[in-house]
Amino acid sequence: MTTDPTSRHPHSVSADRRRILRRIGSFLSYAGLSLIALLFLFPFFWMVSNAVRSNAEVMAVPVRIFPEEYQWGTFVEALVSLPFGTFLLNSIIVACGVTAIVIAVSCLSAYAFARLRFPGREGLLLTYLSTLMIPQVMLVIPLFLVVSKLGWINTYHGMILPVAFSSFGTFLLRQFILGIPKDLDEAAMMDGASRLRILVTVIVPLAMPAIGLLSLFTFIAQWKSFLWPLIATSGVEKATLPLGLTLFQTQQGTAWNYIMAGATISMLPGVVLAIVLQRVIYRGITVSSGFGGR
């Protein structure tokens, strides 16, 4: 026995049509997101693809998407042809040092701007945040003159301290701390806790999503930083990875496959850190966007 479609209830037909349109919309959304993801991932694929082929094949025309012959030894040759371990150690020291100081200073200043009442607080905060509009290039020469005067050229503290203060970190953590109920501070103060103890034992644990997000942003920014390490160092003993990779460019030519292999290796710590902090980062993004709860 068959049913005539025209005899179905109008509401049932309308529901079927909405369901079909919803499925088409979902398919188009996933297709669009997949295409955007592929566009973002292609540079990384191209970097790895060029890292495992010969330099002549990298420069060959027409361009091949996949290597004609995979040469995995380029990773080892890139590591041993330069003091890669020194570059890696310098990058770890600088990136971790700047990240640790930025987190400590941002937590203290954000808590002060969010919780403490003192004259001129709003004006001081506005002045502090206005430094975000100053391009880093404009600060390079004054910072170099100060560091040179102090005799800090080609030292770790000369590479770390001038870039270890972030008004962005203060703003990010302040906005997060403003969402934490003040009742927790008052309850801790009634138990005799000082401001510093409240910050360490109450505020910091609750602000870990924002702190994790700030840690990742700061670490990656310093890990790939090129301009300030180039100015603050001389020679290879204090050079970081971005500076070390430029040594593959010589008067005889550029070893693009070694540069791509070195760039692939140097990207791994940031990827590992993002994987380790992914839960904290996801929570920080959802909380700051208003789609998640604290």
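The values are calculated or read from the model by the stated rules, or taken from the named source; none is laboratory data. On a predicted model such as this, the values are computed, not experimentally measured, just so you know. Every residue, glycine among them, receives a Cβ derived from its backbone with ideal geometry; neighbour counts consider all protein chains shown. These accessible areas exclude ligands, DNA and RNA; they are computed on the full protein's heavy atoms, side chains included. Shrake-Rupley method; radii C 1.70, N 1.55, O 1.52, S 1.80 Å.
Data table
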| item | result |
| --- | --- |
| Prolate/oblate/rounded call for segment 126-280, Cα gyration tensor, a/c under 1.5 rounded | prolate |
| Charge context of LEU214, other residues only, Cβ under 15 angstrom, K/R +1, D/E -1 | +2 |
| Percent carbon-and-sulfur accessible area, segment 109-260, ignoring ligands, DNA and RNA, probe 1.4 Å | 69 percent |
| Computed [θ] at 222 nm, deg cm²/dmol, the chain (DSSP H ≥ 4; -39,500 (n - 2.57); rounded to nearest 500) | -22000 deg cm²/dmol |
| Rounded to the nearest 10 Å², the accessible area of LYS238 at probe 1.4 Å | 40 Å² |
| Listed residues SER26, SER215, SER81, most fluctuating in the chain (Gaussian network, C-alpha, under 10 Å) | SER26 |
| Stretch in the chain that is longest and holds no GluC sites (Glu not before Pro) that DSSP places in a loop and that have at most 11 other beta carbons within 10 Å | 70-236 |
| Exposure rank, largest accessible area first [ARG174, ARG53, ARG22; 1.4 Å] | ARG22, ARG174, ARG53 |
| Rounded if a/c under 1.5, otherwise prolate or oblate - the chain, Cα gyration tensor axes | oblate |
| Those lysines that a straight Cα-Cα span of less than 20 Å connects to LYS224, excepting residues fewer than 8 apart in one chain | LYS238 |
| Solvent-accessible area per residue for the chain (1.4 angstrom probe, square angstrom) | 62 Å² |
| Extension gain from LEU129 to TRP72, taking 0.36 nm per residue of separation minus the Cα-Cα distance | 15.8 nm |
| Residue order for ASP191, ASP183, ASP16 - accessible surface, 1.4 angstrom probe, largest first | ASP191, ASP183, ASP16 |
| ILE36, ILE93, ILE160, ILE141, ranked by accessible area, largest first (probe 1.4 Å) | ILE141, ILE36, ILE93, ILE160 |
